[in-house]
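Visitor: Once you've had a glance at the structure underneath, I'll fire off some questions.
The values are calculated or read from the model by the stated rules, or taken from the named source; none is laboratory data. Quick caveat: nothing in here was measured; it's all calculated off a predicted structure. Here Cβ is always computed from backbone atoms with ideal geometry, including for glycine, and neighbour counts include all displayed protein chains. These accessible areas exclude ligands, DNA and RNA; they are computed on the full protein's heavy atoms, side chains included. Shrake-Rupley method; radii C 1.70, N 1.55, O 1.52, S 1.80 Å.
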Amino acid sequence: MNINSGVYAVILNENKEVLMIHRTDHDLWEIPGGKWEEDETPWQAAIREVEEETGLQVKIEKIVSIGSRPERQDLVFTFLCKIIGGEIKHTREADDIQYFSFENIPPNTAPSKLERIKDALAMQEQCFLRDISQSVKTEDFVEKNKL
């Protein structure tokens with residue numbers, strides 16, 4: 001079994017606005033995240049991805065959701081994170097980094113990321129378990145919208 005894995009971090013400020021990055025390879029806003037590498041846990045990968053994409057150091061506060069697309073063996077973890085250090089900086093993966101209220105999230109944000117943000121904003125005690133088989137993959141969203 002070869003699992004396709006992803007990790008994402010939702011970072012909220014005191015106004016419950018979410019930190020988002022604008023990707024350098026597409027006209028797309030996202031929450032920090034990516035694939036986890038060999039010999040690291042999903043939570044270590046989320047922490048690494050945040051620092052690589054934003055310059056910020058975070059700690060994991062809780063797991064928000066686990067998504068699965070069984071037919072492709074995709075497994076996606078979303079974590080709620082808190083900033084503990086570093087400074088926001090543009091990186092090779094992010095040419096803009098901003099906080100947005102949910103109502104003002106840019107339209108060029110993949111629906112799958114909106115779902116992860118909604119889950120985090122729900123502030124539910126339990127982790128959401130999602131079958132993401134019907135979710136639009138980011139790559140498909142980019143292609144369809146020519147981003």
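Visitor: Would you tally the residues in region 125-147 being open to solvent by less than 100 Å² (accessible area, probe 1.4 Å) and at pLDDT below 85?
Guide: Qualifying residue count, region 125-147: 11.
Visitor: In region 1-59, what residues are touching a Leu at 6+ places or on another chain (Cβ under 8 Å) and farther than 20 Å from residue 85 by Cα?
Guide: Residues satisfying the conditions are 3, 4, 5, 6, 22, 26, 27, 28.
Visitor: Within region 26-38, can you find the residues that are of a type in the set (Asp, Glu) and either touching a residue at least 24 places away in the same chain (Cβ under 8 Å) or crowded, with 22+ Cβ neighbours inside 10 Å (or both)?
Guide: 27, 30
Visitor: Just checking, how many residues over region 1-16 are of a type outside the set (A, V, I, L, M, F, W, C), open to solvent by less than 50 Å² (accessible area, probe 1.4 Å) and at pLDDT 95 or above?
Guide: Number satisfying all stated conditions: 2.
Visitor: If you take the residues of region 91-124 that are touching a Gly at 6+ places or on another chain (Cβ under 9 Å) and polar (S, T, N, Q), which of them is modelled with the lowest pLDDT?
Guide: In this case the residue turns out to be 112.
Visitor: Return the residues of region 39-90 that are of a type in the set (D, E, K, R), modelled with pLDDT of 95 or more, part of a strand (DSSP E or B) and open to solvent by less than 80 Å² (accessible area, probe 1.4 Å); say none if nothing qualifies.
Guide: 62
Visitor: Among what's in region 91-115 and is farther than 17 Å from residue 26 by Cβ and free of Cβ contacts under 8 Å to residues at least 60 places away in the same chain, pick the residue that is surrounded by the most Cβ atoms within 10 Å (Cβ to Cβ).
Guide: This residue is 115.
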